[in-house]
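J.: The structure is given below, and queries will be raised subsequently.
The values are calculated or read from the model by the stated rules, or taken from the named source; none is laboratory data. Just so it is clear, the structure is predicted and the values come from calculations on it, not from any experiment. For neighbour counting, all protein chains shown are included, and Cβ atoms are generated from backbone atoms with ideal geometry for every residue, glycine included.
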């Protein structure tokens, strides 16, 4: 069933009796992890279908491992408009490319399995990093159930591209010692599962909100209602690292209206916290004088 079918209220036909329910396949594999998955390190060349992180948008931010895998691919199943078309043009010129948008597991799994079993080199290309809101594992488990090995090749997530654009760190000494990756309540997250207010209330947390551009005003209203400082810095980085990237800075009190005025309803990374401005941090201990004392003492002892 496609998203349009669900939206129109249509009831999908029952799958043929000989087809495996993807959820059953997922449960089967998830409950019996293959020791093989621990025999490799991230970045190793492996047999099977790699789930590659395309990065935040700019083709230059694709990893070397990802670039090499795409160069050798016969079939690339990608995340549609979430992946920069320039990246596909540059690195997938010799491959058949298929968008996963609008396709469910019942379509995607046979597509990748059949191509792999026919001897094609298949790459599943996710936006950002597959480990962050990517729904990669359910596809991997379904493929493993079909006898197709899989593995992950990490990518640069949009929160890191946003911090690079803002020329700041997500963690800053005496400003923010923690980072929270989260999303607002909505279709897949109930109100009681929305912990954004808790993260912001901790004070020394940089909160990075994925998949929440459309709900920024509502999210900020909830933060204000919960008593958070209205002057807390907030930045919304639209299409971080893309050619049309845009940075909108404000506060909990102002960012909602600013984002609405800009007309952005999707594809912005929203970052909340004092690290946004990159101000008022203390020099870290990492490069303090004391950091070298141990090595100096060791050298002196060796000389003696």
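J.: So which of 86, 96 ends up being loosely packed, with under 15 Cβ neighbours inside 10 Å, farther than 18 Å from residue 211 by Cα, at pLDDT 95 or above and touching a helix residue (DSSP H, G or I) at 6+ places or on another chain (Cβ under 8 Å)?
T.: Result: 86 is the single residue among 86, 96 that is loosely packed, with under 15 Cβ neighbours inside 10 Å, farther than 18 Å from residue 211 by Cα, at pLDDT 95 or above and touching a helix residue (DSSP H, G or I) at 6+ places or on another chain (Cβ under 8 Å).
J.: To continue, here is another question. Residue 170 passes all but one of (1) touching a strand residue (DSSP E or B) at 6+ places or on another chain (Cβ under 6 Å); (2) more than 17 Å from residue 234 (Cα to Cα); (3) part of a loop (DSSP other than H, G, I, E, B); which number fails?
T.: (2)
J.: Now a separate question. Check segment 280-302 and report whether any residue there is at pLDDT 95 or above and either surrounded by 15 or more Cβ atoms within 10 Å (Cβ to Cβ) or part of a loop (DSSP other than H, G, I, E, B) (or both).
T.: Residues of segment 280-302 that are at pLDDT 95 or above, as a first pass: none.
Within segment 280-302, none of the residues are at pLDDT 95 or above and either surrounded by 15 or more Cβ atoms within 10 Å (Cβ to Cβ) or part of a loop (DSSP other than H, G, I, E, B) (or both).
J.: Looking only at residues in segment 38-60 that are surrounded by fewer than 21 Cβ atoms within 10 Å (Cβ to Cβ) and not in a loop (DSSP other than H, G, I, E, B), which one is modelled with the lowest pLDDT? Give the derivation first.
T.: Quick first cut of segment 38-60, residues surrounded by fewer than 21 Cβ atoms within 10 Å (Cβ to Cβ) only: 38-48, 58-60.
This time we only want the ones that are not in a loop (DSSP other than H, G, I, E, B), so: 38, 59-60.
Values: 38: 62, 59: 98, 60: 98.
By that ranking, first place goes to 38.
J.: Counting just the residues of segment 110-159 that are part of a helix (DSSP H, G or I) and under 12 Å from the mean Cα position of the chain (by Cα), which one comes out surrounded by the fewest Cβ atoms within 10 Å (Cβ to Cβ)?
T.: Of the residues in segment 110-159, the ones part of a helix (DSSP H, G or I) are 110-117, 136-145, 158-159.
In the following step, the residues that additionally are under 12 Å from the mean Cα position of the chain (by Cα) were identified as 136, 158-159.
Values: 136: 19, 158: 25, 159: 24.
Ranking the qualifying residues of segment 110-159, first place goes to 136.
J.: Suppose the filter is under 25 Å from residue 245 (Cα atoms), crowded, with 20+ Cβ neighbours inside 10 Å and either within 18 Å of the chain's Cα centre (by Cα) or in contact (Cβ under 8 Å) with a residue 24 or more places away in the chain (or both); does residue 223 pass it?
T.: No: the conditions fail for residue 223.
J.: Taking residue 181 as the residue in question, decide whether it is assigned by TED's automatic domain parsing to the domain that holds residue 254 and assigned to a helix (DSSP H, G or I). Don't jump to the end; show me each part of the working.
T.: Values: assigned by TED's automatic domain parsing to the domain that holds residue 254: yes; assigned to a helix (DSSP H, G or I): no.
For residue 181, the condition - assigned by TED's automatic domain parsing to the domain that holds residue 254 and assigned to a helix (DSSP H, G or I) - is not met.
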